[in-house]
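The values are calculated or read from the model by the stated rules, or taken from the named source; none is laboratory data. In this text the structure is predicted, and so the values were computed from the model without any measurement. A quick note on method: Cβ atoms are made from the backbone with ideal geometry, for glycine too, and the neighbour counts reach across all protein chains shown. Please note that ligands, DNA and RNA were not included when accessible areas were found on the heavy atoms of the full protein model with its side chains. Shrake-Rupley method; radii C 1.70, N 1.55, O 1.52, S 1.80 Å.
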Amino acid sequence: MKILVTGSFGMVGHAIQMVVENDEKLKAKYEWVFISSKDGDLKDPVQAKAIFDKHKPSHVIHLAARVGGLFSNLRYNLDFFRENMAINDNVLNFSFQNNVQKVVSCLSTCIFPDKTSYPIDETMIHNGPPHVSNFGYAYAKRMIDVLNQGYKVQHGKNYTSIIPTNVFGPHDNFDIQNGHVIPGLMHKTYLAKKNGEPLTVWGSGEPLRQFIYSLDLAKLIIWVTFNYEQTEPIILSVSPKDEISIKDAVNMVTKSMDFQNKIIFDTSKSDGQYKKTASNLKLMKLLPDFQFTPIDKAIKDTCDWFVQNYETARK
Ligand code: NAP
Ligand code: GFB
């Protein structure tokens, strides 16, 4: 069996490469093909077709996407919609054309309805409009679920999707303007410490998030690829009880980086969604013994990675 992983040189893709590299059984049992945009632009059907015709995978783990934090989504909602729609339609179409047995694609907990009850679960994806801050990305991701249902009812294909919560880890995008909060805080703390300046956190710090370590997510994605047989999506997240505030995240990052200067909360900047608390009951019923990395250790390890790889990190 040949597993094609799109978006392999992003944060989650690197985590999957690291998990596979450290698992002799996974390496021996399957052929792994890790591709990036250098292998072809998946927005382009000609290039996407060439990739699938060349590799003819039996399984696809589809990570490639235009991805960004709150502030990037606020600026580029149309681009997030169009680019991800193109990528996702091509990947699923050429998987189908090449008789791929299974495709695992990625949604996100930010795509759920903004007006909802909590905790959110997998049955609620289409129950209302997403938060306005990232409607483009959210609708494009929801269309993966629509496409998966279409390939099932019309062609009997077993394509599914996972719904990760906010992810962080090595090889993240540490670009302060366009990245997510945890890598943004790490980069800003690094610079503030180096320059002897205060750390400026955007927003009030009150919003709540569940964060999952990229290496934990990678293990769960590999498990889904070989063991989860439903078309319906599955949330891959820590428990609602492990939800923390942005302020908590700031404290863990500044502690990990031994930052002693002043911390300012710039409340002129958007808070985005206040919360998107997601249930992980479906996952826990299937994998009751899965152990998530404690978040303070995961944040410390990621801070250490960032400082050690500052010159080459995406920023
Ligand atoms: P990432 O670090 O930005 O990686 C995404 C990868 O997709 C990049 O390596 C990029 O390749 C590739 N890509 C983008 N556009 C492409 C195109 N047109 N053709 C081919 N490749 C393209 O993102 P990530 O955080 O690992 O996210 C991986 C998946 O998880 C995504 O589907 C994302 O939506 C989902 N997800 C992420 C989070 C999160 O908090 N990060 C949360 C929920 C879901 P290059 O580097 O070569 O440009
Ligand atoms: O990870 P993030 O950008 O995206 O987190 P979301 C935004 C929250 O962190 C807001 C606060 O409450 C911000 O005010 N924040 C504080 C910061 N300092 C910073 C900073 O330096 N950088 C950033 N980025 N935020 C995204 C969606 O929502 O979730 C995406 O827009 C994606 O589509 C992602 O799905 C997983 O969690 O708000």
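For segment 184-226, taking the residues that are in a strand (DSSP E or B) and either of a type in the set (Phe, Trp, Tyr) or open to solvent by 20 Å² or more (accessible area, probe 1.4 Å) (or both), the one that is farthest from Met1 (Cα to Cα) is identified as Thr200.
The lone criterion from (1) more than 17 Å from the chain's Cα centre (by Cα); (2) surrounded by fewer than 22 Cβ atoms within 10 Å (Cβ to Cβ); (3) aliphatic (A, V, I, L, M) left unmet by Met143 is number (1). In this structure, Ile244 does not satisfy being farther than 22 Å from His131 by Cβ and of a type in the set (Val, Ile, Thr). Within segment 64-82, if we keep just the residues that are in a loop (DSSP other than H, G, I, E, B) and under 27 Å from Val33 (Cβ atoms), the residue that is farthest from ligand 1 (Cβ to nearest atom) turns out to be Gly68. Answer yes or no: is there a residue in segment 110-119 that is among the β-branched types (Val, Ile, Thr) and in a helix (DSSP H, G or I). Within segment 110-119, one or more residues are among the β-branched types (Val, Ile, Thr) and in a helix (DSSP H, G or I). Got at least one residue in segment 49-57 being among the hydrophobic types (A, V, I, L, M, F, W, C), touching a helix residue (DSSP H, G or I) at 6+ places or on another chain (Cβ under 9 Å) and within 12 Å of ligand 1 (Cβ to nearest atom)? Looking for residues that are among the hydrophobic types (A, V, I, L, M, F, W, C), touching a helix residue (DSSP H, G or I) at 6+ places or on another chain (Cβ under 9 Å) and within 12 Å of ligand 1 (Cβ to nearest atom), one finds at least one in segment 49-57, hence yes. Name the single residue, out of those in segment 6-25 being in contact with a helix residue (DSSP H, G or I) (Cβ under 6 Å, 6 or more places away or on another chain) and aliphatic (A, V, I, L, M), that is farthest from ligand 2 (Cβ to nearest atom). Applying the filter and picking the extreme gives Val20.
Residues being more than 11 Å from ligand 1 (Cβ to nearest atom) and either under 27 Å from Tyr274 (Cα atoms) or not basic (Lys, Arg) (or both) are represented in segment 83-91 by at least one member.
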